[in-house]
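Trainee: I am attaching a structure below and will ask some questions about it afterwards.
Throughout, read-outs are computed from the coordinates displayed, never taken from laboratory work. Keep in mind the model is a prediction, meaning the values are calculated, not measured. Backbone-built Cβ (ideal geometry, glycine too); neighbour counts: all protein chains shown.
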């Protein structure tokens, strides 16, 4: 038995009946091996999936997708892109500081 097959079998076996039946809704997007093993697990448990189980309109994001989004958020909060930093600095340099020296002339920009 291949590792991938073992992994799918273990995953499906760990699901509750309701989780397994909910998974059936998205079976058409699974690889053939996953579809086959899902069908075997359904039969083994003697479950009856809904005849016209519609596909979920928006599947929940997987673990890696959630992690990637979280990392992107953290990265954008803690650092700016070089272009954004450059633009920000350029804008700051162009602005007049409004500070006057002892002679009454404006300094900056």
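Trainee: Between residue 74 and residue 48, what is the label-to-label distance in nm when each label sits 7 Å out along the Cα-to-Cβ direction?
Mentor: That separation, rounded to one decimal, is 4.9 nm.
Trainee: Using 7 Å Cα-to-Cβ label points, what is the residue 6/residue 67 separation (nm, one decimal)?
Mentor: 2.2
Trainee: Most exposed first by the Cβ proxy, i.e. fewest other Cβ within 10 Å, how do 25, 66 rank? Provide the component values of the computation, followed by the final result.
Mentor: Numbers: 25 15, 66 11.
Result, fewest neighbours first: 66, 25.
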